[in-house]
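Take a look at the structure set out below.
The values are calculated or read from the model by the stated rules, or taken from the named source; none is laboratory data. Everything quoted here is computed from the prediction, not taken from an experiment. No Cβ is skipped: glycine too gets one built from the backbone with ideal geometry, and neighbour counts run over all protein chains shown.
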Amino acid sequence: MLELECSSRVVFYVRQRGGGRGVPEHARQVPPAAPTCGKKGGVLRVIPVSTAIARGVGVSTDYVLGLPERVDSLYRSRIIAKDRSGQGKARVISVPDPSLQLVQEWIADFVRENTSELPPYVAAYETGRSIVQNALIHASHRHLLTLDIHHFFPSCTREMVVVKVFSGMSARDGETGQRHQLGADDVDLLASLSCYKGALAVGSPCSPFIANRIMLPVDGEIIAALPDGYAYSRYSDDISISSDSRINTGLITQIVEKILSDHGFSLNRSKTHCRGTGNARRVTGVFLTSDGSLSIGRDRKKELCRQLYALLKKQEGSPSRVLGMLFFCKQVEPEYFNTLVAKYATYGLANDYGGVIPALQALRRKM
C-alpha cells in the first residue's frame with residue numbers, strides 16, 4: 001500500500017498498479033514525492049486527487065487531468081456471454097482501454113477503502129460476498145420473489161455518482177487521524193473518470209462499487225417498507241425477497257417499483273417471478289431445496305456429467321466451460337463436487353493426468 005497526501009491534508013491509501021502498463025510512454029512520468037514540514041509550525045503540502053491517482057498508477061498528473069475531456073473515446077464495445085459457463089443471452093458491454101482501466105481500478109480501491117463496510121444484504125462485488133452468500137439469506141424461507149432492475153449501471157447517472165457517493169466521501173487525515181470531505185475539484189474529477197456518456201458503464205471496474213453505494217438508501221427504504229419476517233438481498237441488479245408466509249406479489253412489487261422510481265430506477269417487469277416450495281426456487285442461478293440447502297439443479301448436473309464424459313473419454317467439448325461449471329458447483333454444492341471428481345477420476349485422460357481438474361487444465365492448454 002502507498003500512503004499519499006492529498007487536498008485538505010487528506011491521506012489516500014492506494015495500491016500501486018501496473019507501473020504505467022498500457023499507458024503511452026510520454027505519460028509515464030511519476031510526480032516527485034511532495035515534501036512535508038515538521039510538526040511544529042509547519043503545514044503539510046496538499047496534493048490533489050489527480051496527483052494521488054498519477055502516483056498510484058504510474059503516470060503523470062497532466063495525463064490524468066487530460067483524461068476527462070476524452071474519456072468517452074476510451075471505451076470499446078465487446079460482446080460477452082451472460083454467464084461463466086458460456087450459456088445464456090449475450091450482452092454488449094463498454095470496456096475502457098488499459099490506461100483508463102488502471103485509473104478506474106484505483107478509483108474502485110479508493111471507494112472501497114474510504115467507505116464503511118456494506119450490509120450483508122448487498123451481496124455482490126464486495127469482499128466476502130458471493131452468489132452463495134446471497135442464496136443462503138433466503139434458503140430457509142418457503143416463498144421467494146425475484147425482481148430485476150432495468151438497465152442498472154446506465155441508470156446510475158453522473159449526478160447520482162456525484163451527489164450520492166463522492167460528494168459525501170471523506171478520507172483520513174494522515175496527521176490527525178480525522179476524516180475530511182473531498183473538495184469540489186476532486187469530486188468532479190472522480191465522477192468524470194468513473195462515467196461513460198453521463199452514467200456508469202457496464203464493463204468499468206469501478207462501476208459495481210459505486211453503484212452499490214448509490215443503492216444503499218434505496219435498499220434501506222425497501223427493507224423498511226417490507227412486512228416483518230421478510231428477508232431482502234440485492235445482487236447487483238437482482239433483488240430477492242423471501243418469506244415463510246405467502247408473498248403478495250402485486251403489492252410488494254408495487255412497493256419496490258415506487259421506491260426505485262423515486263430514486264431514478266425502474267423494474268424489468270418481464271423478470272418478476274414468485275415461487276413457493278412446490279416450484280423451483282432460484283436465487284442468482286442457485287437453486288434452493290426444500291430442506292434449506294443449495295443446489296446447482298438437476299439439469300446442470302446432467303449436463304456437467306455429459307460434458308465431463310465427452311471431454312475425458314473423447315476430447316470433445318470446451319474444457320474452459322466445464323472448468324467454469326465445476327468451479328460453480330464447488331461453490332454451491334461442495335459435497336456433490338467431491339463426489340463428481342472422485343467418480344470421474346479414472347475416466348480416460350483423468351486417469352492419465354492424476355485427476356479430473358489436471359486433465360481439464362491440460363486439455364485447455366492444448367486446445
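General remarks:
- Selection within the range 84-128 - out of contact with any Phe, Trp or Tyr (no Cβ under 8 Å at 6 or more places or on another chain), within 18 Å of V286 (Cβ to Cβ) and at pLDDT 95 or above: P120, V122
- Odd one out for Q181, checked against (1) in contact with an Asp or Glu (Cβ under 7 Å, 6 or more places away or on another chain); (2) at pLDDT below 95: (1)
- If you go through the range 312-367 and pick out every residue that is small (G, A, S), touching a residue at least 24 places away in the same chain (Cβ under 8 Å) and part of a helix (DSSP H, G or I), you end up with 4.
- Some residue of the range 250-258 being hydroxyl-bearing (S, T, Y) and either touching a residue at least 24 places away in the same chain (Cβ under 8 Å) or out of contact with any Ser or Thr (no Cβ under 6 Å at 6 or more places or on another chain) (or both): yes
- Taking helices (runs of 4 or more DSSP H) as the structural unit, no element lying wholly within the range 66-173 holds at least 2 residues that are free of Cβ contacts under 8 Å to residues at least 12 places away in the same chain and of a type in the set (S, T, Y).
- Contact map, the range 178-193: residues that are assigned to a helix (DSSP H, G or I) paired with residues that are at pLDDT below 95 and aliphatic (A, V, I, L, M), Cβ distance under 6 Å, separation 6+ or inter-chain. Pairs shown: D186/V49; L189/V49.
- Unique residue being in the same structural domain as H151 (by TED's automatic domain parsing), among the aliphatic types (A, V, I, L, M), over 17 Å from F152 (Cα atoms) and at pLDDT 95 or above when the list is A199, A191, A224: A191
- The number of residues in the range 188-219 that are within 22 Å of the chain's Cα centre (by Cα), surrounded by fewer than 21 Cβ atoms within 10 Å (Cβ to Cβ) and over 16 Å from A124 (Cα atoms) comes to 5.
- Residue list for the range 239-260, restricted to those being in a strand (DSSP E or B) and within 16 Å of R282 (Cβ to Cβ): I239, S240, I241, S242
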